[in-house]
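Read the structure below first, then the notes.
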Amino acid sequence: MRRNILLNYYCPIKILQNWTHLVVMLYAVIMRFDSLREIMASLQAESRKLCHLGIRLMPSRSTLSDANRRRPEIIFESIYRDLYTTYRNILSSDSRKNRDKAWMKRLQIIDSTTITLFSNLLFKGVGRHPKTGKKKGGIKVHTVIHANEGVPSDIKFTSAATNDSFMLRPSVMNKGDIIAMDRAYIDYEKLETLTQREVMYVTKMKKNLKYNIIEDCMYQNDKGFMEVRIQNVRFSKMLKDGTILNHHARIITYVDIKKHKLVSLLTNDMESDPNEIIEIYHKRFKQIKQNFPLKYFYGESANAIKIQIWVTLIANLLLMVMKKKLTRSWSFSGLATMMRITLMYYVDFYSLFNHPEKDWETLLDARQKEDCQLSIF
C-alpha cells in the first residue's frame, strides 16, 4: 500500500502522523496483541526495522492512546473505501482456477457481527448477563459482502440493540442478484419486494413464523431416513393500510450431519435444486472475527473502538488481495497465521507463500550433494 493514500487526510494530531498511526495499528491487529503495552514493547524490539516502514519516530503508549481517542475514525473509513475501490477488480477476479459456481458472481452476503464491550455507556446494551442480569454494552458491525470478493463493500456501525433488517434494502438490488442472510433480516414486505424485483434470497427460517402449507414433499435416502423436505408455503400479513400482503416462498429442511440437527431455510426460489440453495446459504461466513479477533481493545472510547474495527477490515482486505495474487492455494486462516509469523522478516512474501518449502528443499539438496562427495579419510 502506498503512503500517498494518506496525504489527502488532515488531522490535527501532529505528533503521531496518519501513516505511522495506521502502520502501528495494522501491526497490532495482525499480530493479535492484547494491549497498548504489548504493542509498544514489540515495537521497541523491532526498532531497527521501523524506518523501513516509514516510521521515523517511536510513538509512546500515551501518544497512541490519544491518537485512538482523538483522530477521526472517518480517516480510516476513507482509507478502507479507497483500498476497496483500488483493488476491487483483483478481489473479484476468478481467472486463477475458475472453480466458483456461476451464481457466485451474483451472490451478496448480508451479515452482522456483534462485538460485546465491558461498558454499557458507549453503545446501547444487548441481552442480559445470566448471573447479574445487567445488560452488556456492544457495537454491531453490519456488512454487505460480494461472495466472489470476500470483503465488505458496505459497512455500517450501530449499537448492538439495533435490528439487522434495516440493512436489507431491496431498492439497491438488481434483477438476478442473490442474497444470503440470517433470519434476523426477515421482513415480509421487503421479501415480497425482492421477489417482485426478481432478486433471489436465502435465509434461515424463524421458528415462530406462521404460514399456510400449499405443498409438502419429503425425499428419503436409501436407508429410509429423511434427506430433504420441501414445502411450498404462503405467508400473510395485514399492512397498516388494512390490505393483506401475501408472500409465496419455499421452506427447505435438511439434515446438518456435523451438528446433528435439522436446519430449515426460507427462499423465494421455487425451482432451483435444494442442494444449490443449501450451498448458497453455507457461503455465509464471519471471516473477520475468526482470523482477527476483536476481544481486546486499545481504547475505551467509541472512536478508538471504531478505529480498531476499521483497521481490522483494512488488514482483512489487504490479506484477501494477497490471497488472490498467489498461485498456491491457501485458506484465509492459514495465510493469516503465516503473515503473523513472518510479518517482520525481510522476505518476498509472494515468493515465500507460493513455495514455503523452497529454502528447506535447497538445504536438503545441498546436504545430499555434500554426502555424495568422496573423502580421502
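The values are calculated or read from the model by the stated rules, or taken from the named source; none is laboratory data. All values derive from a computational prediction rather than experimental measurement. Don't worry about glycine lacking a Cβ; one is built from the backbone with ideal geometry, like all the others, and counts go over all protein chains shown. The accessibility values were calculated without ligands, DNA or RNA, using every heavy atom of the protein model including side chains. Shrake-Rupley method; radii C 1.70, N 1.55, O 1.52, S 1.80 Å.
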Item to check | Distance-filtered residues of the range 154-168 - backbone nitrogen under 15 Å, label point 7 angstrom along Glu189 Cα→Cβ | outcome: 165-168
Checklist entry - Which aspartates and glutamates have a Cα lying under 18 Å from the Cα of Lys223, excluding residues fewer than 8 positions away in the same chain? => result Asp256
Checklist outcome for this item: Per-residue accessible area, 1.4 Å probe, largest first, puts Lys190, Lys295, Lys207 in the order Lys207, Lys295, Lys190
Checklist outcome for this item: Length gained, Val347-Met238, 0.36 nm per residue minus C-alpha separation, equals 32.9 nm
Item to check | Eligible aspartates and glutamates near Lys325 by straight Cα distance, threshold 12 Å, same-chain separation 8 or greater | outcome: Asp94
Checklist entry - If each Cα of the range 195-349 is one equal point scatterer, what is log10 of I(q)/I(0) from the Debye formula at q = 0.09, 0.17 Å⁻¹? => result -0.54, -1.03
Item to check | In range of the label at Val255: residues from the range 207-246 whose backbone nitrogen is under 19 Å from the point 7 Å along Cα→Cβ | outcome: 217-231
Checklist entry - Between Leu53 and Met31, what is the label-to-label distance in nm when each label sits 7 Å out along the Cα-to-Cβ direction? => result 0.7
Checklist entry - Does the range 41-86 come out rounded, prolate or oblate by the C-alpha gyration tensor, with a ≥ b ≥ c the root eigenvalues, rounded set by a/c under 1.5 and, if not, prolate when a/b is larger than b/c and oblate if not? => result oblate
Checklist entry - For the range 135-177, which semi-axes, largest first and in whole Å, follow from the square roots of 5 times the eigenvalues of its Cα gyration tensor? => result 24, 13, 6
Item to check | Contour minus Cα-Cα distance for Leu364 and Asn221 (0.36 nm per residue) | outcome: 46.3 nm
Checklist entry - So if we plug the beta-carbon distance of Ser153 and Lys101 into 1/(1 + (r/R0)^6) with R0 = 25 Å, what FRET efficiency do we get, rounded to 0.05? => result 0.80
